[in-house]
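In what follows, a structure is listed as structure tokens, so that the remarks can point back to it.
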Amino acid sequence: MEQGSSGTSRERTVYAGIGLVFALLLAVYLVYKIAVVVLVLLVTLLFSIIISAPVDYLGRQGVGRGWGTLAVLGGLALLFGIFGVALSPVVASQATQLVETFPTLLESAQQIVVQVQDVFGLDTSFRLDPQRLGDTARNFLSGGTLTTVASLGASVANVLSFGVVILIATIYTVARPAPLVNGFVALFPAGRRQRVRAVLGEMYGAVQRWFLGQLASMIIIGLLFTVAMFVIGIPFALLLGIFAGLISFVPYIGPLISVIPPVLLALTGVPIDALWVLLAYSIIQAIEGNLVQPIVMSRAISLHPAILVFALLIMGTLFGFVGVFLAVPLVAVLHVLLRELWIDRMDDLGMDPDPPEGPEPYEPKPRANRLRRALRGLLRL
């Protein structure tokens with residue numbers, strides 16, 4: 001009888017594993033087929049969590065969520081408008097000058113490639129047409145190829161309509177999150193709903209901490225890069241600094257891309273300045289990695305670089321350029337889910353008699369304290 005029951009248990013395990021694999025494949029297929037809908041949903045959730053932070057603060061001061069949402073969105077629009085009015089003339093002027101020097105920049109890049117080919121004995125037919133590429137850049141900046149910018153295969157009208165949907169859905173989600181949270185929690189058994197609320201609270205806090213740390217890091221990198229390029233004498237310092245700050249949103253890959261334009265600009269002028277650019281880039285990355293990251297990201301979730309790289313690859317493949325920006329917060333949320341729903345449960349089963357050497361492993365906080373803190377954060381919604 002025992003052998004028969006054990007055999008039945010193994011068969012059930014095998015069937016459950018096969019069913020799980022097919023369920024995952026089906027989920028991936030559905031995500032692929034409705035990629036645009038999933039992308040809009042993810043962007044809405046991300047914006048809602050980000051905007052909810054100041055709305056929560058206003059709520060603790062006695063301001064209703066509806067009025068708080070309007071106040072935060074109005075403040076953001078005013079802030080962007082002020083910065084746009086203050087910086088747009090300089091940025092537009094530098095962008096125009098950059099377009100004018102674009103053929104020279106490409107010619108310099110081509111000469112560098114040819115020199116490298118000569119040094120290593122390579123023989124390729126690589127050839128750039130600076131004039132044609134310059135015309136393409138002018139058309140791009142002037143809006144002539146705006147329809148091709150919609151990388152998701154949608155027209156400009158669809159992109160604008162998705163933006164309107166995201167804006168409206170974000171406003172309603174931030175202003176009235178309780179029905180959505182309660183409706184989602186109601187899908188689970190009554191005995192597990194407190195635990196579900198706690199996990200949602202942890203995910204909510206993880207994304208907010210990540211965004212605040214990332215925003216501070218982007219601002220610091222943009223300022224340092226602008227000052228460094230201005231001191232070295234690289235043209236378009238403000239434009240390059242803004243680009244470096246924005247592209248640093250993409251971990252590891254973004255900083256590498258940000259150093260390419262100033263190096264090429266330096267090579268078109270005084271080639272020795274390219275070494276100063278690389279030195280400044282190294283110093284800024286050292287400051288960001290050893291000072292900024294430990295301070296501003298100390299409370300955020302630390303993720304392994306290899307995981308982030310594969311997350312960027314997967315999200316970029318599924319959702320294009322926008323998916324790259326969603327990769328890190330999505331991995332942060334999945335990290336919380338894995339930790340709360342699996343790792344903690346495995347830790348409760350016993351201690352590792354031979355733990356690996358190295359940094360201290362993650363120690364879960366006491367369950368009661370974590371539930372209480374997460375519930376307080378969630379009830380503020």
Output the number of residues of segment 46-69 satisfying the condition of being in contact (Cβ under 8 Å) with a residue 40 or more places away in the chain and under 21 Å from Phe325 (Cβ atoms). 8
Any idea which of Ile234, Ile221 is at pLDDT 85 or above and outside any helix (DSSP H, G or I)? Ile234
Given the residues Gly213, Gly201, which is the only one that is in a helix (DSSP H, G or I), at pLDDT below 85 and in contact with a Lys or Arg (Cβ under 9 Å, 6 or more places away or on another chain)? Gly213
Output for Cβ contacts, cut-off 7 Å, separation at least six or different chains, first residue on the phi > 0 side of the Ramachandran plot in segment 21-44, second of a type in the set (A, V, I, L, M), reads none
Per the list (1) in contact (Cβ under 8 Å) with a residue 40 or more places away in the chain; (2) within 26 Å of Gly66 (Cβ to Cβ); (3) surrounded by 16 or more Cβ atoms within 10 Å (Cβ to Cβ); (4) of a type in the set (A, V, I, L, M), residue check on Val277 breaks on (2)
Residue among Gly163, Gly144 that alone is at pLDDT below 55 and either more than 30 Å from Leu200 (Cα to Cα) or not aromatic (Phe, Trp, Tyr) (or both): Gly144
Would segment 247-254 turn up any residue that is among the small types (Gly, Ala, Ser), surrounded by 21 or more Cβ atoms within 10 Å (Cβ to Cβ) and either assigned to a helix (DSSP H, G or I) or free of Cβ contacts under 8 Å to residues at least 12 places away in the same chain (or both)? no
The number of residues in segment 47-73 that are over 13 Å from Val174 (Cβ atoms) and among the small types (Gly, Ala, Ser) is 1
Being closer than 23 Å to Gly316 by Cα and either over 12 Å from the mean Cα position of the chain (by Cα) or surrounded by fewer than 20 Cβ atoms within 10 Å (Cβ to Cβ) (or both): is that true of Ala237 here? no
Would you pick out the residues in segment 226-239 that are touching a residue at least 24 places away in the same chain (Cβ under 8 Å) and within 30 Å of Pro305 (Cα to Cα)? Ala228, Met229, Leu238, Leu239
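Out of the residues in segment 255-310 that are of a type in the set (S, T, N, Q) and part of a helix (DSSP H, G or I), state the one that is modelled with the lowest pLDDT.
Let us first name the residues in segment 255-310 that are of a type in the set (S, T, N, Q), namely 258, 268, 282, 285, 290, 293, 298, 302.
When the remaining residues are screened for being part of a helix (DSSP H, G or I), the result is 258, 268, 282, 285, 290, 293.
On the way: Ser258: 87, Thr268: 76, Ser282: 90, Gln285: 84, Asn290: 76, Gln293: 68.
Across segment 255-310, the extreme among qualifying residues is Gln293.
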Filtering segment 31-75 down to residues that are within 19 Å of Ala178 (Cβ to Cβ) and of a type in the set (Lys, Arg), which residue is surrounded by the most Cβ atoms within 10 Å (Cβ to Cβ)? Arg65
Mind listing whichever residues of segment 23-72 are modelled with pLDDT under 80 and of a type in the set (Phe, Trp, Tyr)? Tyr29, Tyr32
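The values are calculated or read from the model by the stated rules, or taken from the named source; none is laboratory data. Worth saying up front: this structure is predicted, and the values here are computed from it rather than measured. Glycine gets a Cβ as well: all are built from the backbone with ideal geometry, and neighbour counts include every protein chain shown.
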